[in-house]
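Beneath this line is the structure, given in structure tokens, with notes to follow.
The values are calculated or read from the model by the stated rules, or taken from the named source; none is laboratory data. Remember, predicted model here, so these are calculated numbers, not experimental data. Note that we place each Cβ from the backbone using ideal geometry, even for glycine, and neighbour counts take in every protein chain shown. Side chains included, ligands, DNA and RNA excluded: accessible areas come from the protein's heavy atoms. Shrake-Rupley method; radii C 1.70, N 1.55, O 1.52, S 1.80 Å.
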Amino acid sequence: MSCTLTMKLVSESQEGNIGEDWRYDLDVRVSSGEQKGQGRIKVPKHNLPSGLVQEPHGSPEPQVIYTGDCADALKVEMRLVATEVDMFVNDVGKVSKELIIQCPGVSGTTVTKDCDIDVTVREMPRIFPQKALFTLRVRFMLNCG
């Protein structure tokens, strides 16, 4: 059965005391048996105040990250690198996360799954106990039929 998996950024936020200038990269790899797909979204430097949940900067277009056979499930591997941009030394956090999306079968319906990816970013140098929790919400839509 042929399936298409689309990825869309839903929201971004950060809670912390290290700054308000952020950028981030999200790399995604998809596998189903031997077939593979991938995607990448890079969001440039922008203002993101602490405590505010907002639409991702620049409203990146949804990306088709996989088209192919889907027997029972797709494995989605995500890697997020979030950077709080400073004048001298940027503060960077990295995290990886996996997600399994079950194929809906021949019904032709769409499975939608939202996933929050959280990464802690610490102030550099680490003399100060300052940090932020950056959260990116990603939506995956799998359509088979």
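Some observations on this one:
- Residues satisfying the criterion are absent from the stretch 61-75 (criterion: more than 24 Å from residue 32 (Cβ to Cβ), at pLDDT below 95 and open to solvent by 70 Å² or more (accessible area, probe 1.4 Å)).
- Taking (1) closer than 30 Å to residue 20 by Cβ; (2) modelled with pLDDT of 95 or more in turn, residue 98 satisfies each apart from (1).
- When residues of the stretch 17-38 are limited to those that are more than 17 Å from residue 81 (Cα to Cα) and assigned to a strand (DSSP E or B), the one most open to solvent (accessible area, probe 1.4 Å): 36
- Given (1) within 18 Å of residue 14 (Cα to Cα); (2) among the polar types (S, T, N, Q); (3) assigned to a strand (DSSP E or B); (4) in contact (Cβ under 8 Å) with a residue 40 or more places away in the chain, index of the condition residue 96 fails: (4)
- Unmet criterion (only one of (1) surrounded by fewer than 15 Cβ atoms within 10 Å (Cβ to Cβ); (2) in a loop (DSSP other than H, G, I, E, B)) for residue 42: (2)
- Candidate set from the stretch 1-12 (those that are open to solvent by 20 Å² or more (accessible area, probe 1.4 Å) and within 12 Å of the chain's Cα centre (by Cα)); member that is farthest from residue 111 (Cα to Cα): 11
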